[in-house]
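Engineer: Take a look at the following structure, please.
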Amino acid sequence: MRYQQVADDVFTIRGTDVNMVLLRDGRALTLIDAGWYGDARTIEQTIRDLGHRPEDIVAILLTHAHLDHVGALNHLYHRYAIPAYTSPTEVAHARGECHESATPLDVVKRLTDRNTLAWAARITAAGGLRKNTVPHIQPFPTEGRLDLPGTPIPIPCPGHTSGHSAFHLPTAGAIATGDTLVTAHPTSKIQGPQPLPTFFNHDTPATIASYAALESVPADIVLPGHGPIWRDGIATAVAQARENAVHQRD
């Protein structure tokens with residue numbers, strides 16, 4: 001299945017080598033991240049499989065403005081008028097006013113094994129070469145806990161991008177870490193909690209430094225932007241990610 005329930009009213013959606021998170025409160029939904037451009041149908045079908053309509057999404061929260069996370073934002077806005085929010089620092093990135101992403105050339109230089117080649121083919125088919133800025137994106141409407149289904153709390157963790165946010169989900173004892181901390185990626189030889197390879201990060205040392213903002217969050221369940229769910233707590237995940245960062249390739 002394309003989705004998995006991980007806690008009461010918390011689901012993950014598996015896109016094209018990327019994860020999204022869906023939060024439910026009665027009929028109302030919050031979506032965290034929106035996959036690639038080609039993942040729009042997966043998002044809509046998952047919501048219908050759960051007995052909802054896409055119109056039930058109250059808002060979409062964006063961890064950061066890379067193409068594998070903004071993908072369906074414009075489709076969902078134009079078709080269903082669903083607003084999207086991110087950190088104030090990340091707004092300019094999402095609108096295309098600055099660039100903090102790996103380029104196609106960065107990827108081509110690393111097409112050295114079968115797994116990476118297969119991943120590159122999949123993401124290209126999903127819209128990986130398509131420009132996808134988000135003119136309608138807005139900064140979070142309030143500071144701290146957001147009055148949205150799932151009561152998500154943004155946690156600034158810059159590094160992967162300057163305005164990257166994680167989201168603490170206090171009622172579920174979970175944290176959505178976006179790409180600050182992942183548990184696997186097709187371009188990485190490492191399994192388990194880790195930063196993404198250096199070429200994906202705007203500032204890798206800052207990414208590692210931002211783990212200090214995550215490790216004390218009371219969350220047993222880690223929902224990464226890439227890789228499987230981690231259920232041994234965010235503190236353990238951060239400790240392993242710091243250790244694995246030493247061995248991570250560029």
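The values are calculated or read from the model by the stated rules, or taken from the named source; none is laboratory data. Computed from a predicted model, the values in this text were never measured in an experiment. With ideal geometry, Cβ positions are generated from the backbone for all residues, glycine too; neighbour counts draw on all protein chains shown. Heavy atoms of the whole protein, side chains included, go into the accessibility calculation; ligands, DNA and RNA do not. Shrake-Rupley method; radii C 1.70, N 1.55, O 1.52, S 1.80 Å.
Engineer: Go through (i) -0.54, -0.61, -0.66, -0.72; (ii) -0.33, -0.41, -0.50, -0.61; (iii) -0.39, -0.49, -0.60, -0.72 and flag the label whose value is the computed log10 I(q)/I(0) by the Debye sum over Cα atoms at q = 0.09, 0.10, 0.11, 0.12 Å⁻¹ for this structure.
Structural biologist: Given (i) -0.54, -0.61, -0.66, -0.72; (ii) -0.33, -0.41, -0.50, -0.61; (iii) -0.39, -0.49, -0.60, -0.72, the structure-derived one carries the label (ii).
Engineer: How far apart, in nm, are the 7 Å Cα→Cβ label points at residue 79 and residue 247?
Structural biologist: 4.2 nm
Engineer: Order the peptides 151-158, 104-111 from the highest to the lowest mean number of other Cβ atoms within 10 Å of their residues.
Structural biologist: Per-residue Cβ counts within 10 Å, averaged per peptide and sorted highest first, yield 151-158, 104-111.
Engineer: To the nearest 20 debye, what is the magnitude of the charge dipole of segment 23-151 about its Cα centre, counting +1 on the Cβ of each Lys and Arg and -1 on the Cβ of each Asp and Glu?
Structural biologist: Its charge dipole is roughly 420 debye.
Engineer: Which residue, chosen from 126, 214, 150, occupies the Cα position most advanced towards the positive end of the dipole of the chain, where the dipole is computed from +1 (Lys, Arg) and -1 (Asp, Glu) charges on Cβ about the Cα centre?
Structural biologist: It is 126.
Engineer: Sequence gap at least 6, Cα distance under 8 Å: using those rules, report the relative contact order of segment 1-92 to the nearest whole percent.
Structural biologist: 24 percent
Engineer: Of 137, 45, 80, which is farthest on the positive side of the dipole of segment 35-173, counting Cα position, with +1 on Lys and Arg Cβ, -1 on Asp and Glu Cβ, and the Cα centre as origin?
Structural biologist: The listed residue farthest towards the positive side: 45.
Engineer: Counting pairs of alpha carbon atoms under 8 Å apart in space and at least six apart in sequence, what relative contact order in percent does the chain give?
Structural biologist: Contact order relative to length: 17 percent.
Engineer: Could I ask something else about it? Ignoring ligands, DNA and RNA, what percent of the 1.4 Å accessible area of the chain is carbon and sulfur?
Structural biologist: The C+S portion of the solvent-accessible surface of the chain is 51 percent.
Engineer: If you put +1 on each Lys and Arg Cβ and -1 on each Asp and Glu Cβ, how big is the dipole of the chain around its Cα centre, in Debye rounded to 20?
Structural biologist: 700 debye
Engineer: A further question on this structure: Given points 7 Å out from each Cα along the Cα-Cβ axis, report the residue 99 to residue 191 separation in nanometres with one decimal.
Structural biologist: It works out to 3.7 nm between the two label points.
Engineer: So for each of 225-238, 40-53, 3-16 I average, over its residues, the number of other beta carbons within 10 Å; can you give me the resulting order with the highest mean first?
Structural biologist: In descending order of packing, they fall as 225-238, 3-16, 40-53.
Engineer: Under a crude label model (7 Å from the Cα following the beta-carbon direction), how far is residue 50 from residue 110 in nanometres?
Structural biologist: Output for this residue pair reads 3.0 nm.
Engineer: Which of the three applies to segment 121-250, rounded, prolate or oblate, going by the alpha-carbon gyration tensor with a ≥ b ≥ c and a/c under 1.5 meaning rounded?
Structural biologist: The shape class here is oblate.
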